[in-house]
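Data first, discussion second: the structure below is written as structure tokens.
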Amino acid sequence: MPGLRTLQDLVRALPQRGEHAAIVAVADNGTTDTLSYAALGERALRLASGLTAAGVQPGEMVVLFGPNSPAWVIVRLALAACGAIAVALDDLATDAELEVLVPDSGARWIFAARAHLPRLAKLPDASQRAVYALDEDDSCTRSWTQLMAAQAGPLPQISAESACMLVFTSGTTGTPKSFVLSHANLVANVVGLAGEGIVGAQDRALLPLPLHHVYPLTVGCLTALASGTTIVLPPGVTGPQIVSALQRGRATVIVGVPRLYAALAAGLEARVNARGAMARRIFAALLAVSLAMRKRFNVRLGRVLFASLHRQLAPDLWLMASGGAKFEAELIWKLEAIGWEVLSGYGLAETASILTANRRGRARIGTEGTPLPGAQLRIANPDAVGIGEIETRGPAVFSGYRNNPEANATAFTSDGWFRTGDLGALDADGFVTITGRVKEMIVLGGGKNVFPEEVEKVYADSPYIREVAVLERAGALVALVVPNLEAIAATGNRRVDDVVRVALGERSRLLASFQRIAGYAVTREPLPRTRLGKYQRFLLPELYDRAKAGTSPTRRTELSEEDRALLARSPAREIWAWLVARYPDRALSLDLSPQLDLGIDSLEWVTMTLEIAERFGIRLTEEDAAEASTLRDLLVRASTTRAASPEAPASLTAEQRAWLDPPEGGGRAAGIVLNAINRVLMRGLFRLRVAGLQHVPVHGPFVIACNHLSDLDPLIVAAALGRERLERIWWGGDVGRLFEHNAGRMLARIAHIFPVDERAPATAIAMGEEVLRRGDALVWFPESWRSPDGTLQEFRPGIGHLLNRIPVPAVPARITGTFEAMPRGQRVPRPAPVSIVFGTAVTASGSPTQIAAALRDAVAALPQSA
């Protein structure tokens, strides 16, 4: 758009595009409402004229408070055209924020969504402000439309340096600041981006981000209008609403943030996975081919290879534009392989949202592109690899913070460059790479610098972790973790904390020692982010302390009518009173998770079901535990379960007992041969050394309690015991790893392995009881999980439950070397010296937890080599 000096010029030029669609608003029901460029420009200019006639002065603050809508855009353009300073507030602003921000702006005029009008009426001096609703229906007694002049009239002259918008930002550090951006600041970026010709009148740009932010306003709204592009507004920001807008609005472009694109990619993969293993393998193979062609030959095959997915999700979409946060190269490559073009950029609100951008045909994935015309960047005090604070100057850079000389003194250098607070590097071609924030960098006691985002990226790569934020507490690196409960539930494991611990341990091995966390806290509350997806890190320490203390807030505190009715009738009333007494230090609510909030794992569930059966005559199953995600679910299941006399938590079926029948004939002979081969391999490949074998009885019943480092552990124990002892030794094997195919089941028969399901610990204990009652022996790995880091883990109380019921001798055993030979995640072992030490048998007593702890102490006391 030639000759553009102010946004008033942009608004005046809009009608020239005639009936071409300017805005397409998609409703929740899928219908669309289209506003042409002529209508948009005409309404904005009429409103600007009306505001001028009503007494709105150039340079006067006017509040704009509501969600994205065509009316919001019209009012925003009108404010720019009449010279007012728009004060756009977050539609999700709290009452406490309104009490500060509205008076601070000094605004006499407010345009707000009808839902916000009662809140604004409660503010001090509310009667001194003229408030107009952004809604256009007849129920609004004071709508913005009433201010429109009959026709556009003369408007005040505006200089390029005139203030155009007031921005409030607390960012990620929590320190509130405000500043103004001038018409020149905004126009510099709009002209620079529009001049690249990335999008044009043939495109439709979906804007899912809130327009009160400078980034979606400048890059998404104003640049689109300057380019003749149609803006598509979704009805909301949920996945289905965005997908509906992509389809109904025929969007060709999205202006979003990395988290949005990560969610879209995850949704696509979930669709593929839902079609079964074959579809998943075909998708992975095609993705690999497409990625290889894109990387090596710059050939884009994604739209052809994944044509059906494109048709289903967004048939017209070709470009994903990203800003607001760092965009990981791995995700960009995946999106490119699927068939979209991805262009990322970098900037801050203080620079009218954008400083650098990747251009079509000149994008360098992994960087944030090169500076826009007029923008200058330099790296202050670069380290040995060129990383330092990014400083900038140019026409888009703001003039300073409002009424905050201290902030300005630190924000600008003596020669006038703006300190962005971002750390990064510039390569020889001018491409900028962002590595972190100066204020967010954690300096550890040894002088090591840790960039949280780098560490979080590694830990968050686990499928069992939904969110993870790294912070410093008491001089140590710790993490606040939100587990992916759905992914954990899909594994059948209810020990959420254990799954998280092992996942973090596995990922830690990929980090340098100083980058590894020394502790963590688990919460199910979403971590606080800005509307553009960045962590609000100033809130993390309090959240971490609260989660560590087990006082994370619940999502719902007030009881519904259904909840009150549930707690008013038996047996829910009595069970609830029992739960309150059982957990006196917790403020129970029906929304609490038994697993995550109360720490009730599968073995604790065994104890609880016994008590519930004894006290209330109600029999709850292990399936009930697996499906009860809240205490409400538990009470509902208890209320609908038929009463039964108390009995053991699990009784074996004939099929389960059959697994405990020793092999005969050919099976027994095969077992002898396989054990002989195993002894040769373990002693040859791993130079197995054995000590204390005399402590292991030749005949049962007894239990060998052994630490667990690797999939090699059972083979090492078997090789150490020898043929005679192995004749009457039994093992538990994971039902999901060994018993899903015929070969695995046949091997289990030969090797005395019975199936163990993490979701049914009572059944596993009952199987162990049956083995011991028959006079045979068990090898039991009380940690259950293979160690993620080679250290001895907590012993689960299952071994205590077993030895409480069948008090037989327990032989502690300690394996060393198998973690080095074959740690978690490694499929092929590497030769390494391995040893096992057997200790003196003990007869443990006490509670299940005490017995487990005593056995762990006995194993820990054994020498680490034979």
Residue ID - modelled with the highest pLDDT, chosen from residues in the range 630-652 that are open to solvent by 70 Å² or more (accessible area, probe 1.4 Å) and hydroxyl-bearing (S, T, Y): T640
Enumeration of residues in the range 30-50 that are surrounded by fewer than 23 Cβ atoms within 10 Å (Cβ to Cβ) and closer than 21 Å to P156 by Cα: E42, R46, S49, G50
Residue that is farthest from A113 (Cα to Cα) [pool: residues in the range 198-217 that are surrounded by 24 or more Cβ atoms within 10 Å (Cβ to Cβ) and out of contact with any Ser or Thr (no Cβ under 6 Å at 6 or more places or on another chain)]: L206
Positions within the range 421-443 being open to solvent by 30 Å² or more (accessible area, probe 1.4 Å) and either in contact (Cβ under 8 Å) with a residue 60 or more places away in the chain or more than 19 Å from A469 (Cα to Cα) (or both), in sequence order: L426, D427, A428, D429, T433, R437, K439
Which listed residue, of L331, L335, is among the hydrophobic types (A, V, I, L, M, F, W, C), part of a helix (DSSP H, G or I), touching a residue at least 12 places away in the same chain (Cβ under 8 Å) and open to solvent by 20 Å² or more (accessible area, probe 1.4 Å): L331
Wholly within the range 217-278, helices (runs of 4 or more DSSP H) carrying at least 3 residues that are over 28 Å from E456 (Cβ atoms): 223-227, 239-248
Qualifying residue in the range 45-52 (condition: β-branched (V, I, T) and more than 21 Å from F168 (Cα to Cα)): yes
Residue count, the range 492-519 (criterion: open to solvent by 70 Å² or more (accessible area, probe 1.4 Å) and in a loop (DSSP other than H, G, I, E, B)): 4
Close pairs (8 angstrom Cβ cut-off, 6 or more residues apart or separate chains): more than 12 Å from G66 (Cβ to Cβ) and open to solvent by 80 Å² or more (accessible area, probe 1.4 Å) in the range 118-137, among the basic types (K, R) and part of a loop (DSSP other than H, G, I, E, B) anywhere: Q128/R108
Residues located in the range 249-304, provided they are touching a Ser or Thr at 6+ places or on another chain (Cβ under 6 Å) and open to solvent by 20 Å² or more (accessible area, probe 1.4 Å): L301
Of the criteria (1) open to solvent by 40 Å² or more (accessible area, probe 1.4 Å); (2) aromatic (F, W, Y); (3) in a strand (DSSP E or B), which one W731 fails: (1)
Some residue of the range 828-845 being surrounded by fewer than 15 Cβ atoms within 10 Å (Cβ to Cβ), farther than 29 Å from R687 by Cα and modelled with pLDDT under 90: yes
Matching entry among A84, A13, A53, A27 (being surrounded by fewer than 23 Cβ atoms within 10 Å (Cβ to Cβ) and either within 27 Å of G239 (Cβ to Cβ) or in contact with a strand residue (DSSP E or B) (Cβ under 9 Å, 6 or more places away or on another chain) (or both)): A27
Scope the range 360-379; condition open to solvent by less than 50 Å² (accessible area, probe 1.4 Å), assigned to a strand (DSSP E or B) and of a type in the set (D, E, K, R); matching residues: none
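Are there any helices (runs of 4 or more DSSP H) wholly within the range 32-122 with 3 or more residues that are charged (D, E, K, R) and at pLDDT 95 or above, and if so which?
Result: 37-54.
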G195 vs. criteria under 23 Å from A71 (Cα atoms) and surrounded by fewer than 23 Cβ atoms within 10 Å (Cβ to Cβ): no
Looking only at the range 1-10, and only at residues there that are in a loop (DSSP other than H, G, I, E, B) and at pLDDT 95 or above, the one that is surrounded by the most Cβ atoms within 10 Å (Cβ to Cβ): T6
Counted residues, the range 789-825 - those being open to solvent by 50 Å² or more (accessible area, probe 1.4 Å) and within 40 Å of the chain's Cα centre (by Cα): 5
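The values are calculated or read from the model by the stated rules, or taken from the named source; none is laboratory data. Worth saying up front: this structure is predicted, and the values here are computed from it rather than measured. All Cβ positions, even for glycine, are placed from backbone atoms using ideal geometry, and neighbour counts span all protein chains on display. These accessible areas exclude ligands, DNA and RNA; they are computed on the full protein's heavy atoms, side chains included. Shrake-Rupley method; radii C 1.70, N 1.55, O 1.52, S 1.80 Å.
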